[in-house]
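See structure below.
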Amino acid sequence: MAVAQSEIVAASLLEHFPDYEFEIVTKTSLADNFQDKPLYAFGGKPVWTSELEELLGSTGVESVDMIVHSLKDVPTNLPKEFKIGAVLGKSDRRDALVVRSGLPYKSLSELPPDSVIGTSSVRRTAQLRRRFPHLQIKVIRGNDNTRLAKLDDPDQGYTGLVLAAAGLLRLNLGDRITEYLSFPHFLYAVGQGALGVEIRKDDEFAQSLLDKVRDVPTTLVCTAERSLMRKLEGGCSIPLGVESHISPDYVLTIEACITSVDGKEAETVRLTRTVKTDEEAETFGEDIAQSLLSQGAGTILEKINLNKLSQS
């Protein structure tokens with residue numbers, strides 16, 4: 001997946017700078033080394049980014065100038081010397097159900113009681129439990145191909161998986177999608193479907209390249225979403241879902257929902273505002289977060305944090 005995403009960015013850059021070469025370098029992350037642990041067990045630590053940022057900040061032969069991320073996996077608070085230089089979008093932002101090969105089911109609503117759904121996301125877990133409490137949720141880790149292999153192995157016991165549609169589509173695995181999980185019952189993750197390119201803050205040359213491929217509407221949407229997440233002091237372990245739309249004249253609407261992990265409680269807000277700059281998007285996200293907290297989302301988050309402490 002990481003290579004496929006890097007190739008998308010490299011191809012976009014090459015269109016504008018055909019005389020340049022864009023070499024792709026790969027490195028294993030912390031999360032890749034602990035495939036038996038759910039992501040929320042890392043406590044919001046930058047499990048996908050820290051090792052890559054070491055290369056970005058170094059000056060040795062292994063140093064890099066840009067890091068390509070699935071934006072949903074990037075912490076909202078980056079180290080002070082780095083920044084997101086560009087956001088690329090236009091991918092499907094929804095989650096998707098993938099049912100084990102050979103089974104007849106076409107949707108979550110068709111699955112019999114106690115069917116086992118695999119996911120590593122606390123957000124997906126919360127939304128599944130809220131909508132389909134009769135299903136069992138089981139942690140699954142690994143890249144998409146690894147997860148699909150586990151799904152199709154009957155001995156693993158999975159009936160289906162919930163994955164990001166964008167990842168499957170980027171890997172040309174769209175034929176495995178059984179059902180797209182859509183609003184209003186399923187809200188996607190902050191930054192889901194978008195690619196974020198991280199660079200050094202002082203690297204004006206890298207920024208000048210990225211300015212040519214930056215998708216402005218997607219950047220504004222994701223900036224607001226990430227500001228919302230930052231205000232709530234959450235990471236990948238916070239069950240925050242969003243549904244965002246921006247019009248051609250930059251009227252941005254975001255619906256955001258915090259759901260308790262057991263699915264029994266939820267708080268939702270929906271706000272609309274004209275947003276044309278990154279600063280306006282940041283403020284809009286903060287205002288959505290404040291609205292959520294004023295409606296009682298803080299109580300849900302407090303319970304989640306207390307549960308984490310009791311398990312530590």
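Tabulated values for the structure
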quantity	calculated
Qualifying residues in region 124-144 (those that are in contact with a Leu (Cβ under 7 Å, 6 or more places away or on another chain) and among the β-branched types (V, I, T)) - the one nearest to P239 (Cα to Cα)	I137
Positions within region 160-206 being among the hydroxyl-bearing types (S, T, Y) and either within 30 Å of G85 (Cβ to Cβ) or part of a strand (DSSP E or B) (or both), in sequence order	Y180, Y188
Neighbours by Cβ (under 7 Å, 6+ apart or cross-chain): first from region 98-112, aromatic (F, W, Y); second part of a loop (DSSP other than H, G, I, E, B)	Y105/L111
Tally, over region 93-102, of residues that are in contact with a helix residue (DSSP H, G or I) (Cβ under 6 Å, 6 or more places away or on another chain) and assigned to a loop (DSSP other than H, G, I, E, B)	3
The one condition in (1) closer than 24 Å to E81 by Cβ; (2) surrounded by fewer than 17 Cβ atoms within 10 Å (Cβ to Cβ); (3) assigned by TED's automatic domain parsing to the domain that holds S291 that T223 fails to fulfil	(2)
Selection within region 165-203 - without any contact (Cβ under 8 Å) to a residue 60 or more places away in the chain and among the polar types (S, T, N, Q)	N172
Where a residue in region 142-160 is in the same structural domain as R170 (by TED's automatic domain parsing) and its partner, wherever it lies, is assigned to a helix (DSSP H, G or I) and among the charged types (D, E, K, R), with Cβ under 6 Å and at least six apart	Q156/K150
Filtered residue count, region 103-146, keeping only those that are over 24 Å from the mean Cα position of the chain (by Cα) and either in a helix (DSSP H, G or I) or of a type in the set (V, I, T) (or both)	2
Count of region 261-277 residues which are within 24 Å of D215 (Cβ to Cβ) and surrounded by 14 or more Cβ atoms within 10 Å (Cβ to Cβ)	3
Identity of the residue in region 158-185, more than 29 Å from E265 (Cβ to Cβ) and over 17 Å from the mean Cα position of the chain (by Cα), that ends up surrounded by the fewest Cβ atoms within 10 Å (Cβ to Cβ)	D175
From I288, I254, residue being in a strand (DSSP E or B), buried (at least 20 other Cβ atoms within 10 Å of the Cβ), in contact with a strand residue (DSSP E or B) (Cβ under 8 Å, 6 or more places away or on another chain) and not assigned by TED's automatic domain parsing to the domain that holds H134	I254
Selected residue [among the basic types (K, R) and more than 27 Å from D262 (Cβ to Cβ)] from K150, K80, K72, K138	K80
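Each row is one residue, and each column tells you yes or no for (1) at pLDDT below 65; (2) of a type in the set (D, E, K, R); (3) surrounded by 17 or more Cβ atoms within 10 Å (Cβ to Cβ).
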residue	(1), (2), (3)
D32	yes, yes, no
Y40	yes, no, yes
K45	yes, yes, no
L55	no, no, no
S63	no, no, no
I67	no, no, yes
I84	no, no, yes
G89	no, no, yes
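The values are calculated or read from the model by the stated rules, or taken from the named source; none is laboratory data. Note that the structure is a prediction, hence the values are computed from the model and not measured. Backbone-built Cβ (ideal geometry, glycine too); neighbour counts: all protein chains shown.
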